[in-house]
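Asker: The following block contains the structure, expressed as structure tokens.
The values are calculated or read from the model by the stated rules, or taken from the named source; none is laboratory data. All of these numbers come straight from a predicted model, not from anything done at the bench. No Cβ is skipped: glycine too gets one built from the backbone with ideal geometry, and neighbour counts run over all protein chains shown. The protein model used for the area step is the full one, side chains on, heavy atoms only, and it has no ligands, DNA or RNA in it. Shrake-Rupley method; radii C 1.70, N 1.55, O 1.52, S 1.80 Å.
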Amino acid sequence: MAEVLVVADGTASGGVKKVTLEALTLARRLGEPAAVVLGAPGTADALAGPLAEYGAVKIYAAESDEIAGHLVAPKAEVLARLAGEVSPAAVLLASGQEGKEIAGRLAVKLDAGLLTDVSDIAADGTVTQVVFAGSTIVTAKANGLPVITVRSNSVTPEPAPAAGERVSVDATVSDAAKGARVLERVAEQKGSRPELTEAGVVVSGGRGVASAENFALIEELADLLGGAVGASRAAVDSGFYPHQFQVGQTGKTVSPQLYLAIGISGAIQHRAGMQTSKTIVAINKDDEAPIFELADYGIVGDLFKVVPQAVEEIRKRQG
Amino acid sequence: MNIVVLVKQVPDSGAERTLKSDDWTVDRASASNVINEMDEYAIEEALRITEAQGGEVTILTVGPDRATESIRKALSMGPNGAVHVVDDAIAGSDAVQTSAVIAAALNTLEWDLVLAGAEATDGRVQVVPHMIAERLGVPALTGARKLTVDGDTRTIERQTDEGYEVVQATGKAVVSVWDTINEPRYPSFKGIMAAKKKPVKSLSLADLGVAADAVGGANARTTVLAGQPRPPRQSGTRVPDEGEGGVRLVEFLAVEKFV
Ligand SMILES: Cc1cc2nc3c(=O)[nH]c(=O)nc-3n(C[C@H](O)[C@H](O)[C@H](O)COP(=O)(O)OP(=O)(O)OC[C@H]3O[C@@H](n4cnc5c(N)ncnc54)[C@H](O)[C@@H]3O)c2cc1C
Ligand SMILES: Cc1cc2nc3c(=O)[nH]c(=O)nc-3n(C[C@H](O)[C@H](O)[C@H](O)COP(=O)(O)OP(=O)(O)OC[C@H]3O[C@@H](n4cnc5c(N)ncnc54)[C@H](O)[C@@H]3O)c2cc1C
């Protein structure tokens, strides 16, 4: 059976991202999953446990400081070399900024078919993509090697314990791929909330939240539900919350089990980032706010009354 | 410092967008078409750099005839001229092919820096800047929320999920920007009038030395098989808050097993 290369994505806290486990689950439909870890020395061993548990028959470890110290190009170079050696049936990556960028370079190097933001893969290689603000579903396929980026929360990761045999691969990087040097990595994220695109629950605030201080209310509810915090563009532009938490057309696309939109009107560009959530709940004082058109459950009321009461009620129930 | 800014014309993301049922490409004829929003930020950034340090800004667009409107709009912000690659054979190209056309066009121009949007609102593939850099063999600094050009050194703050990375390159580079980088200017009346007279050079695939059978939907490495509207979400229960809204909400969350 041909190998399917799955590029592993790590979390800030040193684990494997859920989207990688989803990709391993999808990869089994196309062949035998083999994980690829690209990073600083030590990265592969740290990720090996979950990768093997979710089906990685092999774990290709390409580790060097040069890979970690430069933007994207070294990863694509190492991956292209590996693909040349093992002739995979497909290459799967996570559909974030970096995953797409590696995929793009790889597709050019290998003259392959690039399929981004994929939410499902069939055994014959046909993929499903949700496009245009979640309004349209497309099926597509690659002619030649498929390079596929998988969108978070597309499938439930299923364990399938495999050998996870470690195979060290050549991690040397050409000078040409070392053009963009990473001088510094700065963490701005507060707290230990799940990452926005991976979270099962997302609690988002909009302009209605009215100030940066008031976002504490959104954070409090998110923490009680074990969720991530999101924001509308109006909230971000007003300086209430940092840009990396923006949900929508020009922000992140999320697809959690539960999405709460609080003080958000539901503009089409906001919907673009949350429309495929499983359950949508809205709190808005305007009963004509478009967000209610797609909410499974809506409270028409003042968020400054509804949210504190909900917080208190959850606390009471959780004891 | 000569800068080429990549500008794509896209269907307005605020209006309904559809795919054509014959070849599943974007129905651009019936859409209201605009400059891809992120590209306006790239234009603004290019103008700020050349205003401070000298040099020219050239717009580069690959797209059908009607993309001319967007090119004139881009020029009205202040760039010096534009190059429009237009050829029927390009229709339906995927990202790999589009990047080959853009790279070939860049090879006909004199530039120090290429600026692009981080993402186009229609395809949202977010890969074109890296693909071009790959083809041209220059570094790519992508996803910038801040760009500093100091002599031969270009430094960005690259936005990440956790915060940001400081990334640096020397010499020719491709830089892509998010909307956090600046606030684009509105074209002035003078700018709009001036744009009408600015040079727009039209290039075909033959001019670029790109073979027609290297591009276009029929030769793409990806094929869209079908597209269909996603069933619209149904609106569910809507409850007015009569003092118990928070409790009612938690009751709903409990039934759905979130609490
Ligand atoms: C090209 C483009 C890209 C865009 N990309 C994005 C994007 O990625 N993400 C995004 O979100 N937007 C995006 N937008 C902007 C989008 O069009 C809207 O302007 C934005 O989503 C509005 O944010 P909002 O709902 O928070 O604010 P508003 O539309 O101002 O809505 C605020 C809501 O809060 C309610 N409210 C106020 N006070 C209270 C209260 N006390 N209690 C309860 N409810 C209250 C109001 O009734 C109102 O419905 C984009 C726009 C363009 C043109
Ligand atoms: C709904 C949809 C889904 C698609 N999915 C895929 C897919 O999975 N795989 C695939 O290979 N192709 C896909 N395409 C086709 C792809 O969008 C086009 O080939 C497109 O030309 C390049 O992608 P982008 O515009 O999304 O680029 P992005 O990489 O998102 O654009 C980034 C920047 O590159 C510049 N740029 C991009 N295109 C041009 C241009 N024509 N002229 C000038 N500057 C430009 C702009 O500055 C832009 O801001 C899809 C298209 C649509 C409409």
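Asker: Report whether or not B:Gly236 is in contact with a Gly (Cβ under 9 Å, 6 or more places away or on another chain) and at pLDDT below 95.
Answerer: yes
Asker: Going through the stretch A:55-77 one residue at a time, which ones are open to solvent by less than 40 Å² (accessible area, probe 1.4 Å), away from chain B (no Cβ under 14 Å) and assigned to a helix (DSSP H, G or I)?
Answerer: If the condition is that a residue be open to solvent by less than 40 Å² (accessible area, probe 1.4 Å), away from chain B (no Cβ under 14 Å) and assigned to a helix (DSSP H, G or I), then A:Ile67 is the only one that fits.
Asker: Let me ask you something else. Taking the criterion of being closer than 30 Å to A:Leu183 by Cβ, open to solvent by 10 Å² or more (accessible area, probe 1.4 Å), outside any strand (DSSP E or B) and within 13 Å of ligand 2 (Cβ to nearest atom), would at least one residue in the stretch A:87-95 satisfy it?
Answerer: Yes, the stretch A:87-95 contains at least one residue that is closer than 30 Å to A:Leu183 by Cβ, open to solvent by 10 Å² or more (accessible area, probe 1.4 Å), outside any strand (DSSP E or B) and within 13 Å of ligand 2 (Cβ to nearest atom).
Asker: Return a yes/no flag: does the stretch A:232-252 have any residue that is surrounded by fewer than 24 Cβ atoms within 10 Å (Cβ to Cβ), under 18 Å from A:Asp296 (Cβ atoms) and of a type outside the set (D, E, K, R).
Answerer: no
Asker: Shifting gears a bit: Only strands (runs of 3 or more DSSP E) wholly contained in the stretch B:157-259 count here; list those with 1 or more residues that are touching a residue at least 40 places away in the same chain (Cβ under 8 Å).
Answerer: In the stretch B:157-259, B:173-177, B:200-203, B:222-229 are the strands (runs of 3 or more DSSP E) which contain 1 or more residues that are touching a residue at least 40 places away in the same chain (Cβ under 8 Å).
Asker: B:Ala144 - would you say it is touching a residue at least 24 places away in the same chain (Cβ under 8 Å), away from ligand 1 (no atom under 16 Å from the Cβ), within 21 Å of A:Ala234 (Cα to Cα) and open to solvent by less than 60 Å² (accessible area, probe 1.4 Å)?
Answerer: In short, yes.
Asker: Looking only at the stretch A:292-306, how many residues end up being facing another protein chain (nearest Cβ under 7 Å), assigned to a helix (DSSP H, G or I) and either of a type in the set (Val, Ile, Thr) or more than 14 Å from A:Ile264 (Cβ to Cβ) (or both)?
Answerer: Number of matching residues: 2.
Asker: Next question. Of all residues in the stretch B:128-139 being buried (at least 23 other Cβ atoms within 10 Å of the Cβ) and more than 10 Å from the chain's Cα centre (by Cα), which is farthest from A:Leu106 (Cα to Cα)?
Answerer: Only one residue tops the list, namely B:Pro139.
Asker: When both residues are 6+ apart or on different chains and their Cβ atoms are under 8 Å apart, which pairs have a first residue that lies in the stretch B:119-137 and is facing chain A (nearest Cβ under 7 Å), and a second that is in a helix (DSSP H, G or I) and within 16 Å of ligand 1 (Cβ to nearest atom)?
Answerer: B:Thr121/B:Glu37; B:Thr121/B:Met38; B:Gln126/A:Gln97
Asker: Picking from A:Asp296, A:Asp237, A:Asp223, A:Asp287, which residue would you name as being under 19 Å from B:Gly243 (Cβ atoms) and of a type in the set (D, E, K, R)?
Answerer: A:Asp287
Asker: Suppose the filter is more than 6 Å from ligand 1 (Cβ to nearest atom), more than 10 Å from every other protein chain (Cβ to nearest Cβ) and surrounded by fewer than 24 Cβ atoms within 10 Å (Cβ to Cβ); does A:Glu288 pass it?
Answerer: When the stated conditions are applied, A:Glu288 passes them.
Asker: Among the aliphatic types (A, V, I, L, M) and more than 12 Å from ligand 2 (Cβ to nearest atom), is that true of B:Leu47?
Answerer: Yes, satisfied.
Asker: Output the residue which, of all residues in the stretch A:182-202 that are closer than 30 Å to A:Ala34 by Cβ and in contact (Cβ under 8 Å) with a residue 12 or more places away in the chain, is farthest from the chain's Cα centre (by Cα).
Answerer: A:Val182
Asker: Of all residues in the stretch B:5-23 being open to solvent by less than 60 Å² (accessible area, probe 1.4 Å) and near ligand 2 (Cβ under 9 Å from one of its atoms), which is nearest to the other protein chains (Cβ to nearest Cβ)?
Answerer: Result: B:Arg17.
Asker: Say we look at the stretch B:154-203 and pick out the residues that are hydrophobic (A, V, I, L, M, F, W, C) and within 16 Å of ligand 1 (Cβ to nearest atom); which of these is farthest from B:Pro64 (Cα to Cα)?
Answerer: B:Ile181
Asker: Restricting to the stretch B:117-138, name every residue that is farther than 16 Å from A:Ala103 by Cα and more than 16 Å from ligand 1 (Cβ to nearest atom).
Answerer: B:Leu136, B:Gly137, B:Val138
Asker: Among the residues of the stretch A:126-168 satisfying the criterion of being assigned to a strand (DSSP E or B) and of a type in the set (D, E, K, R), which is farthest from A:Leu51 (Cα to Cα)?
Answerer: A:Lys141
Asker: To continue, here is another question. If I filter the stretch A:169-195 down to residues being at the interface with another protein chain (Cβ under 7 Å from one of its Cβ atoms) and part of a loop (DSSP other than H, G, I, E, B), which single residue comes out as most open to solvent (accessible area, probe 1.4 Å)?
Answerer: Ranking the qualifying residues of the stretch A:169-195, first place goes to A:Glu188.
Asker: Please determine, by comparing only the residues of the stretch A:197-222 that are open to solvent by 10 Å² or more (accessible area, probe 1.4 Å) and within 13 Å of chain B (Cβ to nearest Cβ), which one is farthest from ligand 1 (Cβ to nearest atom).
Answerer: Per the criteria, the residue is A:Gly200.
Residues checked against (1) touching a His at 6+ places or on another chain (Cβ under 9 Å); (2) away from ligand 2 (no atom under 16 Å from the Cβ); (3) assigned by TED's automatic domain parsing to the domain that holds A:Tyr259:
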| position | (1), (2), (3) |
| --- | --- |
| A:Gly205 | no, yes, yes |
| A:Phe215 | no, yes, yes |
| A:Glu220 | no, yes, yes |
| A:Leu225 | no, yes, yes |
| A:Ala231 | yes, yes, yes |
| A:Ala235 | no, yes, yes |
| A:His243 | no, yes, yes |
| A:Gly248 | yes, no, yes |
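Here's the yes/no breakdown for (1) open to solvent by 30 Å² or more (accessible area, probe 1.4 Å); (2) within 14 Å of chain A (Cβ to nearest Cβ):
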position	(1), (2)
B:Thr153	yes, yes
B:Val175	no, yes
B:Leu205	no, no
B:Arg230	yes, yes
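Asker: Could you grab the pairs with beta carbons closer than 8 Å, sequence gap of 6+ or different chains, first residue in the stretch A:101-115 and on the phi > 0 side of the Ramachandran plot, second one basic (Lys, Arg)?
Answerer: Listed by first residue and then by second, the contacts come to A:Asp111/B:Arg221.
Asker: Within the stretch A:239-285, how many residues turn out to be in a loop (DSSP other than H, G, I, E, B), more than 9 Å from chain B (Cβ to nearest Cβ), over 26 Å from A:Ala94 (Cα atoms) and within 11 Å of ligand 1 (Cβ to nearest atom)?
Answerer: 5
Asker: Which of the strands (runs of 3 or more DSSP E) contained wholly in the stretch B:19-111 include at least 1 residues that are hydrophobic (A, V, I, L, M, F, W, C) and farther than 29 Å from B:Glu183 by Cβ?
Answerer: Those strands (runs of 3 or more DSSP E) span B:81-85.
Asker: Could you tell me which of the residues A:Ala310, A:Ala272 is over 19 Å from A:Arg193 (Cα atoms) and within 23 Å of the chain's Cα centre (by Cα)?
Answerer: After ruling out the rest, the residue left standing is A:Ala272.
Asker: Moving to a separate point now. Can you give me the number of residues within the stretch B:138-155 that are within 21 Å of A:Asp175 (Cβ to Cβ) and of a type in the set (Val, Ile, Thr)?
Answerer: Here the count works out to 4.
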